[in-house]
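Enquirer: Mind looking over this structure? Questions follow.
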Amino acid sequence: DVKVTQSSRYLVKRTGEKVFLECVQDMDHENMFWYRQDPGLGLRLIYFSYDVKMKEKGDIPEGYSVSREKKERFSLILESASTNQTSMYLCASLPTGTGNQPQHFGDGTRLSIL
Amino acid sequence: GEDVEQSLFLSVREGDSSVINCTYTDSSSTYLYWYKQEPGAGLQLLTYIFSNMDMKQDQRLTVLLNKKDKHLSLRIADTQTGDSAIYFCAETPYNFNKFYFGSGTKLNVKP
């Protein structure tokens, strides 16, 4: 079974801090994704990566960056956290191939910026 | 991005059928998915349908796809309290590199 592990379930940080959210998958998937989930807005894609060191902006990349130095790990970085980045963050992975492979999600990190 | 729309809430009584609806705009959608999110957890895949199918049944779940109207529905038969969750529909175009999610429908099952 595919396992996508996000390093923290809950995180509280202060405005202006640099914040790292980590995600690790154990199935050698090429593609990894970071979403944020807000009530009534569903999931919005922040960044995705289709290979090591490759990244593409999603729909809401402003204020975020990502790092993919190893295939199994995809990090989301809030360069200078702000209160409007308080949200649930979800990481997902997906193998390259046909569409009958769903995205596999981690349990999420609930981030609060004070 | 593409638009995927769902109503935000649905409330049903235990034992009744639930029908959750979704509309999308991308005419190149190839696969459409239903995910379930329980409180405090990530999303888990419930079922999916390929765009050349009209219907798919899996135990208590029935997915109907009207490709002409770009309308997808999920029917849960004999709804149980354990079905209370947020249900997301999602679609992916032919190159499968992006998924577009709806806002999620919160299903409340009353005993």
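The values are calculated or read from the model by the stated rules, or taken from the named source; none is laboratory data. Values in this document were obtained by computation on a predicted structure and should not be read as measured data. Backbone-built Cβ (ideal geometry, glycine too); neighbour counts: all protein chains shown. Side chains are part of the model used for accessible areas, which takes the heavy atoms of the whole protein and leaves out ligands, DNA and RNA. Shrake-Rupley method; radii C 1.70, N 1.55, O 1.52, S 1.80 Å.
Enquirer: Is there a residue in the range B:94-104 that is open to solvent by 10 Å² or more (accessible area, probe 1.4 Å) and part of a strand (DSSP E or B)?
Expert: Within the range B:94-104, one or more residues are open to solvent by 10 Å² or more (accessible area, probe 1.4 Å) and part of a strand (DSSP E or B).
Enquirer: Out of all the residues in the range A:80-87, is one or more assigned to a strand (DSSP E or B), among the hydroxyl-bearing types (Ser, Thr, Tyr) and under 15 Å from residue B:101 (Cα atoms)?
Expert: The first filter runs over the range A:80-87 and keeps only residues assigned to a strand (DSSP E or B), leaving A:87.
Cutting the leftovers down to among the hydroxyl-bearing types (Ser, Thr, Tyr) gives us A:87.
Applying the additional criterion that residues be under 15 Å from residue B:101 (Cα atoms) yields none.
Within the range A:80-87, not a single residue is assigned to a strand (DSSP E or B), among the hydroxyl-bearing types (Ser, Thr, Tyr) and under 15 Å from residue B:101 (Cα atoms).
Enquirer: Still on this model: Residues being within 14 Å of chain B (Cβ to nearest Cβ), part of a strand (DSSP E or B) and either within 30 Å of residue B:10 (Cβ to Cβ) or open to solvent by 20 Å² or more (accessible area, probe 1.4 Å) (or both): count how many of those fall in the range A:1-22.
Expert: 4
Enquirer: I'd like to verify a number: residues in the range B:17-45 that are modelled with pLDDT of 90 or more and charged (D, E, K, R), how many?
Expert: Looking only at that region, the number is 2.
Enquirer: May I pose another question? Quick check, is residue A:25 at pLDDT below 95 and either open to solvent by 20 Å² or more (accessible area, probe 1.4 Å) or in contact with an Asp or Glu (Cβ under 7 Å, 6 or more places away or on another chain) (or both)?
Expert: When the stated conditions are applied, residue A:25 does not pass them.
Enquirer: Right, next: List the number of the failed condition for residue B:23; all other conditions in (1) out of contact with any Phe, Trp or Tyr (no Cβ under 9 Å at 6 or more places or on another chain); (2) over 19 Å from residue B:6 (Cα atoms); (3) part of a strand (DSSP E or B) hold.
Expert: (2)
Enquirer: State whether the residues of the range B:27-50 include one that is over 14 Å from the mean Cα position of the chain (by Cα) and away from chain A (no Cβ under 12 Å).
Expert: Yes, that holds for at least one residue.
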